[in-house]
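Here's the structure, in structure tokens; my notes come after.
The values are calculated or read from the model by the stated rules, or taken from the named source; none is laboratory data. In this text, all values refer to a predicted model and were calculated from it rather than measured experimentally. In this analysis, Cβ positions are derived from the backbone assuming ideal geometry, glycine residues included, and neighbour counts consider all displayed protein chains. These accessible areas exclude ligands, DNA and RNA; they are computed on the full protein's heavy atoms, side chains included. Shrake-Rupley method; radii C 1.70, N 1.55, O 1.52, S 1.80 Å.
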Amino acid sequence: MKTPIVIAVTGAAGQISYSLLFRIASGELFGLEQPIILRLLEVTSVLDKLLGVVMELNDCAYPLLQKVISTDDSKLAFNGADYVFLVGAKPRKTGMKRKDLLESNAVIFAEQGKALNAVASRHVKVLVTGNPANTNALITQSNAPDLNSSCFAGMTMLDHNRAINQLAEKCGVRSKDIKNIIVWGNHSETQYPDLHHATVKGQKAFALVDDAWITEDFIPTVQHRGGAILEARGLSSAASAAHAAIVQMRAWALGTKGDDWVSMAVASDGSYGIEKGLFYSFPVRVAVDGEASIVNDLKIEEFSLERMQATEQELKEERMTIRHLL
Ligand code: NAD
Ligand code: LMR
């Protein structure tokens, strides 16, 4: 039997976790041979509700789930943790932008960054989902100076999957036929979903769709998809967000496939002129040992450059708002 992996999830009684926890515990993240210990973090007032989620987890009798610990103490939750999903944060309501959440959510990530710095595994992988995800990833990382910045990422895989789905629908193919989609920048309406490098069954996507569809349909649909779901459901996306978190963490832990990549908000190393240190979504390849690197040799058209810079600018503005927490 393998040694159990310790996985911490914050916001464990929330919507996203109600899908995420059960998928992790069933083995979807690390496979059917890997035992798991779950540490669940919630605010004190929600621990009673979390108890119900824990009862349900236990009632699944998952063969891989060795232990579930619930707590309101971030140091207990993160102690020795190998993988951490930072989900716990307020979701937006209709009419809000994700950056409107900064004021209420930013302090959570400053506190949790400090706790991770103190007690997490030195090789921990921390995936920030709570919005606004890029800037919250920056806050978490800045408050954990003893951990390498490569331990942190913000979640833009949901946008990546949304872009795959739009292109697959347009071309009448299945999602598995689409490769090398990119989402650049911020997980916000300024994000830039880019088809210049994408392929459909090995053919250049650009040869299959017209420019008007890209600018008037594809890009705005992906940019505004979170808001469209919020409007329709009355609640923000949850199951698709949990799925994206699993896909992104699995790729980050176990490697990307072949020539394909994932979109991930990581600390910029200056690639494509993006300011160093900003958490910006890039195309990222991951080796089987879990080492992630930005794909930094792609040719960028003027059309893309303008959009990449606009979303970088928004990230700089968000950083300015929370500079006291860095
Ligand atoms: P939710 O309100 O259903 O659940 C959030 C949970 O977090 C609540 O149970 C709350 O008690 C808990 N929480 C709050 N502060 C906490 C803290 N300090 N420590 C631990 N737990 C805490 O929200 P949700 O729908 O699960 O969404 C969670 C976050 O994920 C939101 O910010 C949402 O906007 C974001 N989100 C991001 C993406 C993405 O693609 N990056 C996608 C969907 C949702
Ligand atoms: C999403 O993209 O669905 C999430 O970030 C939730 C939201 O507020 O849009």
Report summary line: Rounded to whole angstrom, the alpha-carbon centroid of the stretch 52-128 lies from that of the stretch 170-218 at a distance of 32
Query - 17 Å cut-off, amide nitrogen to a point 7 angstrom out along Asn148 Cα→Cβ, residues in the stretch 253-269 - result: 253-256, 266-269
Report summary line: Rounded to the nearest 10 Å², the accessible area of Lys316 using a 1.4 Å probe with every protein chain kept is 60
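Of all alpha-carbon pairs in the stretch 5-154, indicate the percentage at a distance above 29 angstrom. Intermediate values should be presented prior to the final figure.
Details: 1421 of 11175 pairs.
Considering the stretch 5-154, 13 percent of its Cα-Cα pairs are separated by more than 29 Å.
For Ala232 and Tyr18, what does the FRET efficiency come to when R0 = 22 Å and r is the distance between their Cβ atoms, rounded to the nearest 0.05?
Working: r = 19 Å, r/R0 = 0.85.
Taking R0 as 22 Å, the efficiency between Ala232 and Tyr18 is 0.70.
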Report summary line: Magnitude of the Cβ-charge dipole (Lys and Arg +1, Asp and Glu -1) of the stretch 117-273 about the Cα centre, nearest 20 debye, reported as 600
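Tell me the relative contact order for the chain as a rounded percent, counting alpha carbon contacts under 8 Å between residues six or more apart.
On the way: 661 pairs, mean separation 54.1, N = 326.
Dividing the mean separation by the residue count of the chain yields 17 percent.
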Query raised in the report: About its Cα centre, how strong a charge dipole does the stretch 5-154 have in debye, to the nearest 20, once Lys and Arg get +1 and Asp and Glu get -1 at the Cβ?
Result: 460
Report task. Extending each Cα 7 Å along its Cβ direction at Met1 and Ser175, get the distance between those two points in nm, one decimal. Result -> 3.4
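What FRET efficiency, computed as 1/(1 + (r/R0)^6) with R0 = 35 Å and r the Cβ-Cβ distance, is obtained for Asp59 and Leu254, rounded to the nearest 0.05? Working shown, then result.
Working: r = 29 Å, r/R0 = 0.82.
Efficiency computed from Cβ-Cβ geometry: 0.75.
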Report task. Go through Leu326, Val284, Leu298 and say which Cα lies farthest out towards the positive end of the charge dipole of the stretch 271-326; charges sit on Cβ, +1 for Lys and Arg, -1 for Asp and Glu. Result -> Leu326
Report summary line: The answer for Gly14, listing residues at least 5 apart or on another chain whose modeled amide H is closer than 5 Å to its amide H, is none
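Anything in the chain that counts as a DSSP H helix reaching 24 Å or more along its axis (C-alpha) with Kyte-Doolittle mean of at least 0.0? List them, would you? Let's see the in-between values first.
Working: long enough: 102-119 (26 Å, 0.44); 302-321 (29 Å, -1.35).
The qualifying helices are 102-119.
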Report task. Give me the aspartates and glutamates in straight-line cross-link reach of Lys170: C-alpha distance below 12 Å, same-chain residues under 8 apart excluded. Result -> Asp210, Asp217
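Taking only Cα atoms of the chain, what ratio of Rg to Rh do you get with Rh as the Kirkwood inverse-distance radius? Before the final figure, lay out each step's value.
Values: Rg = 18.9 Å, Rh = 19.9 Å.
Dividing the radius of gyration by the Kirkwood radius yields 0.95.
In whole percent, what relative contact order does the stretch 8-103 give with Cα contacts below 8 Å and a gap of six or more residues? Could the numbers behind the result be given before it?
Numbers: 131 pairs, mean separation 35.0, N = 96.
Reported relative contact order: 37 percent.
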Query - Set Lys125/Lys201; Lys2/Lys125; Lys75/Lys97; Lys276/Lys316; Lys97/Lys125; Lys201/Lys257 screened for pairs whose C-alpha atoms are more than 21 Å apart - result: Lys125/Lys201; Lys75/Lys97; Lys97/Lys125
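Rolling a 1.4 Å sphere over the protein heavy atoms, what is the accessible area per residue of the chain, to the nearest Å²? Each step should come with its number before you reach the end.
Values: 14100 Å² over 326 residues.
Here the residues of the chain average 43 Å² of exposed surface.
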Query - In nm, spacing of pseudo-spin labels at Val107 and Asp210 (7 Å Cα→C-beta vector) - result: 5.3
Query raised in the report: What list of whole percents do you get for P(r) of the stretch 157-325, with Cα-Cα distances grouped in 10 Å bins up to the one holding the largest distance?
Result: 10, 38, 39, 12, 1
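Please compute the net charge surrounding Ile274, taking Lys and Arg as +1 and Asp and Glu as -1 over other residues with Cβ under 13 Å from its Cβ. List each step's numbers first, then the result.
Working: positive: Lys276, Arg307, Lys316, Arg319; negative: Asp269, Glu275, Glu312, Glu314.
The answer is 0.
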